[in-house]
Structure formats: structure tokens, C-alpha cells
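First the structure, in the form of C-alpha cells, and then the observations on it.
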Amino acid sequence: MAAKGQIAKTLVEQKLKEAFGTDYIGEYSKKYYVWADDGGEKVQIAISLTCPKNNVGEINIGNVAGRDFSGDNTVVAPVEAKPAEITKEEEENIADLIAALGL
């Protein structure tokens, strides 16, 4: 039995090849490599594809790879993130910078 998401990974690899054209390098050690511009310098970017056990966010799986699944197939997984909080030390650093810059 193939690993979960193997068919989807193959489809995504095809899309990477199409999207990057001659900048697509290939697959090595379970990563896909492409050339990208980094401010005038050409660098390689490694892309790792995995099929998560649990989906995050809202995903509609109604039509996947040409297959039609009838009914409401919307999956909503909880996404938890704490809002950023400024520490007392950060507030002091900001106050020091404002004073030093004369703002």
C-alpha cells in the first residue's frame, strides 16, 4: 500500500515542474529543488512535500484530482495562536530607542 498522499505528491511535483520550467532542478533525498532569484543571486530552494495527518484551517475537499465527492466535505481544524505580547524589556528598549533618536 502506498503512503498517504503519494498520488497528490506526484501531481504537485508536476505542477512544480510546470511552474518553474527550466528552473526546476529535480528531486533528491525526498526534497524537490528549484532555482530562485535572491536579489540578483541565483540560489537553490529545497521544497519538502508531506501529507499531514490532520488538516489545518478550512479546506474544502469536494473535488480533489478530478474526483467528485458529493455532500458537504468542508473540514475545519482548530488553529490556535496566541497574540503577540510586548515584554517589559522590549518596552524599555523601544523607549530607549525613541529617546536616543529624539522622537
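All of the numbers you see were taken from the coordinates with simple rules; none came from a lab. Computed from a predicted structure; not experimentally measured. Please note: Cβ atoms are built from the backbone with ideal geometry, for glycine as well, and neighbour counts cover all protein chains shown.
Couple of notes before you dig in:
- Using the Cβ of Lys17 as centre and a radius below 11 Å, the other residues enclosed give a net charge of -3, where K and R count +1 and D and E count -1.
- Taking amide H as placed 1.01 Å from N in the peptide plane, Ile25 has its amide H under 5 Å from the amide H of Tyr33, Val34, Trp35, each at least 5 places away in sequence or on another chain.
- Local electrostatic count, Ile47, Cβ distance below 13 Å [Lys/Arg +1, Asp/Glu -1]: +2
- Potential extension, Val43-Glu85 segment - 0.36 nm per residue separation minus Cα distance: 11.6 nm
- Listed by chain and number, the lysines whose C-alpha is less than 16 Å from the C-alpha of Lys53, apart from same-chain residues fewer than 8 away, are Lys4, Lys9.
- Full extension of the chain between Asp23 and Glu92 yields a length gain of 20.1 nm, computed as 0.36 nm times the residue separation minus the alpha carbon distance.
- Distance between modelled label sites at Ala100 and Lys31, nm, 7 Å Cα→Cβ extension: 3.6 nm
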